[in-house]
Amino acid sequence: MSGLQLKAVRKSFGSVEVIKGVDLDIKPREFVVFVGPSGCGKSTLLRMIAGLEQITAGELYIGDELMNDVDPSKRGIAMVFQSYALYPHMTVRENMGFALRFAGVSKPEIEKQVLEAARILELEPLLERRPKELSGGQRQRVAIGRAIVRHPEVFLFDEPLSNLDAELRVHMRIELARLHKELRATIIYVTHDQVEAMTLADKIVVLRDGIVEQVGTPLELYDDPDNRFVAGFLGSPKMNFLEGVVDGENLKLPTFGAQTIALGDLAKKLKNGDKVTAGIRPEHFKRGGSAAINVTTELVEHLGGETYAYARHDGGDVLTVAMDDGRELVAGDQVRAEYDLKRVLFFDEAGQRLR
Amino acid sequence: MTIAENSSKGGLLARSRIARREQINGWMFIMPALVLVGIFMIYPILWSLWMSFQVGRGMNLSFGGLSNIIRLTQDPILLRALFNTGIFLVVQVPIMLTLALIFASALNNPKLIGRGFFRTAIFLPCVTSLVAYSVLFKSMFAEDGVINAFLMWAHIIADPIPWLLDPFWARIVIISAITWRWTGYNMIFYLAALQNIDRSIYEAARIDGVPAWAQFLYITVPLLKPVILFTSVISTIGTLQLFDEIMNITNGGNPADSTLTLSVYIYNLTFRFMPSFGYAATVSYVIVIIVAILSYVQFLVARDRRA
Ligand SMILES: Nc1ncnc2c1ncn2[C@@H]1O[C@H](COP(=O)(O)OP(=O)(O)OP(=O)(O)O)[C@@H](O)[C@H]1O
Ligand SMILES: [Mg+2]
């Protein structure tokens, strides 16, 4: 199995630069997920790796081989498209075996490969059906099967689950994780669903506007984001960002009635009047925390297990608080939202993390 | 009778009255079209069926029973026209449709430079007047026309080819002419259909190492099958009605009736020599029957075996 390396990779469509210098190191057998908002260049980057888009500048290595000008079929990759891209006039069996006919694989061998893929994906009863006679999830599995039979070094997935309903997505997500274990192949997976990213990835690459914002394991990115964008992108409900001004040892929060958050050691690196944003995840509010903010709840959502309270102080910014024990809470309650100071993240005016 | 019953009965009556008025309104709307279709299509079709049983010259007609059909079987000129039309059909339609398909495939490639220009250029012949282009072809293929001049200049031939005087070459000229005129027309159908095929199907094939010829043969052609069927039926009908080109390029079937087609023969029977309306109508029905049979065969061939 091969890894991949991207070195200062760029892509322009005409005069518009879409990928603005991406460096990336992907290890063999790693499950890497590209996430980012719509239009940030995830698909473009994936298609460059596949060879469907020319690389404008920079270098792409798969294994140890420079692949910039290698034909897509010679890169040792297989791709699964969001639209599945199945051949509509062929049966499931033909869809999976078609490409092998041109790779010099013998008929019995093709049959064997197809049956093997069908077994892994539980497609055996459907082999004689056409794509239009399959459900979305089954089509998706055929598309994956078509990739599997080629035994690629690297699998590329472009939002493979986005056309499925919520329940099927969860099911297929688990299937994909199982498949990764079984195939032991390198997988690059594009999604804008952060739950898919968190659950599937060995490594997440967060992209924004053609730039890599941060690379790391899901929990690294969650607990220790480099910037405000990554902090806000992962996690649901989103992290609270409290705008403040440095005032001595403390961060004063004008939109929360000038309540303060202690800056701790960071205070030495900052001067009075600096604009700093504090980030607190909703679930980091816990009874018995070392600090607190006083707010009034405006809306309370009881999800059964958890309770989300959306609260403000005197009409300021909204603060989302998650609670395990908020069943009695109703809108209009005064709440002292306690949190652990150690878990608060601070960002400078440009959105970079202050450490 | 109770009030409730009464009113419900009235409701039903009212409803059926509304339904009837809607029916009448509907018929009124389509009546003008129906009348026109009736006068100019259905009546002539039925009248020509009646005519096909008439014998006699000019206006001097009488019922002849099956004698026109017997005449069909003993008519050497009809056989000739059938043979010529068959040649045009078997040679020209496949060549034209294959060309159209290849052009459409090539012009569907977004990376092709000058796509718009080529699309227009290939479609342009379809909007030229039938007579104008026929006259042009006739002059180009004349003994001292540009085609001969070019071939001699390029040293492909030593002596001018008597294009319009030799039966073989005359047919070649006719086939070239209709291919030139109608290829772009068929290409438009293929292009439209190609644009409905998901691009990522081809991208998937490319990644999986399916060569371009196989993509064309095993993906494009099967996916275009319904359109190919449609164009082959349309082209078959068009070829069976081949008339203008023959009238204008080979003066109605020269040399020696080698390009005489069924339509031209019907025209000759009707308006030339001594008009024979009845027999002309019979020959027209021959075309109808051939079109019906060929279309049915094409549907059978193209039918999805699994559906
Ligand atoms: N062929 C193209 N020509 C010009 N611009 C393009 C082309 N393909 C993509 N782009 C532009 O490149 C940018 C990135 O597109 P891309 O499809 O990679 O986004 P994405 O991250 O996959 O978004 P999504 O989550 O919506 O799929 C977009 O602004 C898009 O408009
Ligand atoms: Mg995309």
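The values are calculated or read from the model by the stated rules, or taken from the named source; none is laboratory data. Here the structure is a predicted model, which means the values were calculated and not measured. Heads up, the Cβs are rebuilt from the backbone with ideal geometry, glycines too, and the neighbour counts pull from every protein chain shown. Only protein heavy atoms, including side chains, enter the accessible area calculation; ligands, DNA and RNA are left aside. Shrake-Rupley method; radii C 1.70, N 1.55, O 1.52, S 1.80 Å.
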> What residues qualify as long-range amide H neighbours of A:Ala262, i.e. H under 5 Å apart, gap of 5 or more or another chain, H built at 1.01 Å from N?
Replying inline: A:Leu251
> Excluding A:Thr297 itself, what net charge comes from residues whose Cβ is under 13 Å from its Cβ, given Lys and Arg +1 and Asp and Glu -1?
Replying inline: -2
> In peptide B:112-125, how many Cβ atoms from other protein chains are near each Cβ within 10 Å, on average?
Replying inline: 0
> What are the aspartates and glutamates whose alpha-carbon lies under 15 Å from the alpha-carbon of A:Lys286, with same-chain residues fewer than 8 places away excluded?
Replying inline: A:Glu306, A:Asp324, A:Asp325, A:Glu338, A:Asp340
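From Cα pairs below 8 angstrom and at least 6 apart in sequence, can you work out the relative contact order of region A:96-198, rounded to a whole percent?
Working: 76 pairs, mean separation 27.2, N = 103.
RCO, region A:96-198: 26 percent.
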> Helix-derived [θ] at 222 nm for chain A: sum -39500 (n - 2.57) over DSSP H runs of at least 4, divide by residue count, nearest 500?
Replying inline: -6500 deg cm²/dmol
> Which far-off residues, 5 or more places away or on another chain, put their amide H under 5 Å from the one on A:Ala292, with H placed in the peptide plane?
Replying inline: A:Tyr339
> Of A:Phe81, A:Leu127, A:Gly257, which is farthest along the charge dipole of chain A in the positive direction, counting Lys and Arg as +1 and Asp and Glu as -1 at C-beta?
Replying inline: A:Leu127
>> Around A:Phe285, under 11 Å between beta carbons, what's the net of Lys plus Arg minus Asp minus Glu among the other residues?
In response: +1
>> Spelling out what I want: for every residue of region A:340-349, take phi, set θ = phi - 60°, compute 6.51 cos²θ - 1.76 cosθ + 1.60 (Karplus), and round to whole Hz; glycine and proline get x.
In response: 8, 4, 5, 8, 6, 9, 10, 10, 7, 4
> Can you list the trypsin sites (Lys or Arg not before Pro) in region B:55-113 that are in a DSSP coil and have 16 or fewer other beta carbons within 10 angstrom?
Replying inline: B:Arg57, B:Lys111
> What order do you get for A:328-336, B:234-242, B:221-229 when each peptide is scored by the mean count of other beta carbon atoms within 10 Å, highest first?
Replying inline: B:234-242, B:221-229, A:328-336
> Put a dot 7 Å past each Cα toward the Cβ at A:Asp247 and A:Val16; how far apart are the dots in nm?
Replying inline: 4.6
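Restricting to DSSP H runs of at least four residues, report the calculated mean residue ellipticity at 222 nm for chain B, -39500 (n - 2.57) per run over all residues, nearest 500 deg cm²/dmol.
Numbers: 15 runs with 205 residues, N = 307.
So the helix-based figure for chain B works out to -21500 deg cm²/dmol.
Summarise the accessible area of chain A (1.4 Å probe, protein heavy atoms) by the percent that is carbon and sulfur.
Numbers: 7800 of 16080 Å².
Heavy-atom surface of chain A belonging to carbon and sulfur, 1.4 Å probe: 48 percent.
Restricting to DSSP loop positions (anything but H, G, I, E, B) with no more than 13 other Cβ atoms inside 10 Å of their own Cβ, which chymotrypsin sites (Phe, Trp or Tyr not before Pro) remain in region B:253-307? Could you put the intermediate results ahead of the total?
Values: sites: B:Tyr265, B:Tyr267, B:Phe271, B:Phe273, B:Phe277, B:Tyr279, B:Tyr285, B:Tyr296, B:Phe299; in loops: B:Phe273.
Those that pass, being in a loop and sparsely packed, are B:Phe273.
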> Of B:Val146, B:Val90, B:Val37, which has the largest mean-square fluctuation in a 10 Å C-alpha GNM of chain B?
Replying inline: B:Val37
> Computed on protein heavy atoms with a 1.4 Å probe, what is the summed buried accessible area for the chain pair A and B, in Å² to the nearest 100?
Replying inline: 1900
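With only Lys, Arg, Asp and Glu charged, each at its Cβ (+1 for the first two, -1 for the last two), find how big the charge dipole of the protein assembly as shown is about the Cα centre; round to the nearest 20 debye.
Details: 67 positive and 67 negative charges, 425 e Å.
Magnitude of the dipole: close to 2040 debye.
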> With charges set only on the Cβ (+1 for Lys and Arg, -1 for Asp and Glu), what does the dipole of chain B come to about its Cα centre, in debye to the nearest 20?
Replying inline: 1100
> Which three lengths, in whole Å and largest first, does region B:76-302 cover when its Cα atoms are put on their principal axes?
Replying inline: 67, 47, 27
> Given +1 on the Cβ of Lys and Arg, -1 on the Cβ of Asp and Glu, and no further charges, what dipole in debye does region B:151-307 carry about its Cα centre, rounded to the nearest 20?
Replying inline: 420
> By the scheme Lys and Arg +1, Asp and Glu -1, what is the net charge of all other residues having a beta-carbon under 13 Å from that of A:Arg353?
Replying inline: -4
> Each residue of region B:114-126 in turn: what ³J(HN,Hα) in whole Hz from Karplus with 6.51, -1.76, 1.60 and θ = phi - 60°, glycine and Pro shown as x?
Replying inline: x, 4, x, 4, 5, 4, 4, 4, 6, 7, 3, x, 5
>> For a quick check, take a GNM of chain A with Cα springs below 10 Å and name the residue from A:Ser162, A:Ser290, A:Ser83 with the largest mean-square fluctuation.
In response: A:Ser290
>> Pick from B:Arg206, B:Arg17, B:Arg115 the residue whose mean-square fluctuation is largest in a GNM of chain B, springs joining Cα atoms under 10 Å.
In response: B:Arg17
> For peptide A:331-344, how many partner chain Cβ atoms fall within 10 Å of a residue's Cβ, on average?
Replying inline: 0
> Within chain A, which complete DSSP H helices have Cα atoms spanning at least 15 Å along the helix axis and a mean Kyte-Doolittle hydropathy of -1.0 or higher?
Replying inline: A:107-120, A:136-148, A:166-183
> Can you list the HN-Hα couplings for region A:299-311, worked out from phi with the Karplus curve (6.51, -1.76, 1.60; θ = phi - 60°), rounded to whole Hz and with x for Gly and Pro?
Replying inline: 8, 10, 10, 9, 9, x, x, 10, 10, 10, 10, 9, 9
>> Need the list of aspartates and glutamates near B:Lys138 for cross-linking: C-alpha distance under 13 angstrom, and skip anything on the same chain fewer than eight residues off.
In response: B:Asp244, B:Glu245
> If one puts a single equal scatterer on every Cα of the protein assembly as shown and applies the Debye formula without solvent, what log₁₀ I(q)/I(0) results at q = 0.11 Å⁻¹?
Replying inline: -1.13
> Do any of A:Lys74/A:Lys112; A:Lys42/A:Lys181; A:Lys271/A:Lys342; A:Lys112/A:Lys181; A:Lys20/A:Lys74 go past 29 Å between their Cα atoms, and which?
Replying inline: none
